[in-house]
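The values are calculated or read from the model by the stated rules, or taken from the named source; none is laboratory data. Keep in mind the model is a prediction, meaning the values are calculated, not measured. Cβ placement follows ideal geometry from the backbone for every residue including glycine, while neighbour counts extend to all protein chains displayed.
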Amino acid sequence: MTRKERIVIIMKRLTKEYPVPGPFIDWSNPLELLIGTILSAQCTDTRVNKVTKVLFKKYKKAVDYAGALLATLEKELYSTGFYRAKAKNIKATGKIIVEDFDGQVPDTLDALLTLKGASHKTSYIVLAKAFGKFEGVPVDTHVKRLSPRLGLTREKQNTDKISADLGKILPPKDFLKVNEYLITHGRVICVRVPKCDICVLNDICPTGKRSRS
């Protein structure tokens, strides 16, 4: 079975298994999506949503983040982990958006990558969800773990290479979709110690553990 053939089956089965994937970051505009995704690094989306439910009522525009007191922002982001780095990056990102992009979140990959804390993963998500532009496959920790397990790539560490490998076997319209379904499957079934006995992909997974009964 080729990687292209395998990914078609995987996506078909996961789409059926999880009619509504998620949960993911709650957002209502590109800035909220950007900030929420930056905060999601090393943090669950559920925790981020609890924090941003309050945060987004206070900080409505990029200029609000740019003018925020760093110590205050750190306290507000504390429960998301790595709060000092996140607060510093978000404040700096607010300033960059104000000074370089007229206060609006940019809609190109090169521009998004100039923002502090905006990785390729973050940029791909913002472009896809907020602007309908599918530039690459977002690779988070779940996608990074599941992709080699499922035989979709030989790469196990470099997220850019994993993204490139997935991009070669998927149409652009599925770049975000594969991210969301692998994340959902990684949370529920293909965890650190995978639940192979109840996995809908076990029979086509090259690393799956088969029952001997």
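At a glance:
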{"read-out": "Residue within the range 21-42 that is within 19 Å of the chain's Cα centre (by Cα), assigned to a helix (DSSP H, G or I) and among the charged types (D, E, K, R) present", "value": "yes"}
{"read-out": "Qualifying position, being part of a helix (DSSP H, G or I), out of contact with any strand residue (DSSP E or B) (no Cβ under 7 Å at 6 or more places or on another chain), touching a residue at least 12 places away in the same chain (Cβ under 8 Å) and not assigned by TED's automatic domain parsing to the domain that holds residue 177, among 124, 78", "value": "124"}
{"read-out": "Conditions (1) outside the structural domain of residue 116 (by TED's automatic domain parsing); (2) of a type in the set (A, V, I, L, M); (3) under 22 Å from residue 120 (Cβ atoms): number failed by residue 41", "value": "(1)"}
{"read-out": "Those residues of the range 11-58 which are at pLDDT 95 or above and in contact with a Gly (Cβ under 6 Å, 6 or more places away or on another chain), in sequence order", "value": "25, 27, 38, 43, 48, 52"}
{"read-out": "Count of residues meeting criterion [without any contact (Cβ under 8 Å) to a residue 24 or more places away in the chain and surrounded by fewer than 19 Cβ atoms within 10 Å (Cβ to Cβ)] in the range 32-44", "value": "1"}
{"read-out": "Within the range 94-113, tally of residues that are among the polar types (S, T, N, Q) and over 18 Å from the mean Cα position of the chain (by Cα)", "value": "1"}
{"read-out": "Residue match in the range 90-101 (condition: outside any helix (DSSP H, G or I) and closer than 23 Å to residue 130 by Cβ)", "value": "yes"}
{"read-out": "Qualifying residue in the range 156-177 (condition: in contact with a Ser or Thr (Cβ under 8 Å, 6 or more places away or on another chain), crowded, with 22+ Cβ neighbours inside 10 Å, among the basic types (Lys, Arg) and at pLDDT 95 or above)", "value": "no"}
{"read-out": "Near pairs, Cβ below 7 angstrom, 6+ apart or cross-chain, from the range 139-159 (at positive phi) to any residue that is of a type outside the set (A, V, I, L, M)", "value": "151/3; 151/6; 151/206"}
{"read-out": "Qualifying positions in the range 137-173 - of a type in the set (Asp, Glu) and under 18 Å from the mean Cα position of the chain (by Cα)", "value": "140, 160, 165"}
{"read-out": "Flag if residue 106 is outside the structural domain of residue 37 (by TED's automatic domain parsing) and either at pLDDT 95 or above or of a type outside the set (Gly, Ala, Ser) (or both)", "value": "no"}
{"read-out": "Selection from the range 54-113 of residues that are buried (at least 17 other Cβ atoms within 10 Å of the Cβ) and hydroxyl-bearing (Ser, Thr, Tyr)", "value": "59, 65, 80, 83, 93"}
{"read-out": "Single condition residue 146 does not satisfy, out of (1) surrounded by fewer than 18 Cβ atoms within 10 Å (Cβ to Cβ); (2) in the same structural domain as residue 196 (by TED's automatic domain parsing); (3) part of a helix (DSSP H, G or I)", "value": "(1)"}
{"read-out": "Answer from 93, 52 - the residue that is within 19 Å of residue 124 (Cβ to Cβ) and of a type in the set (S, T, N, Q)", "value": "93"}
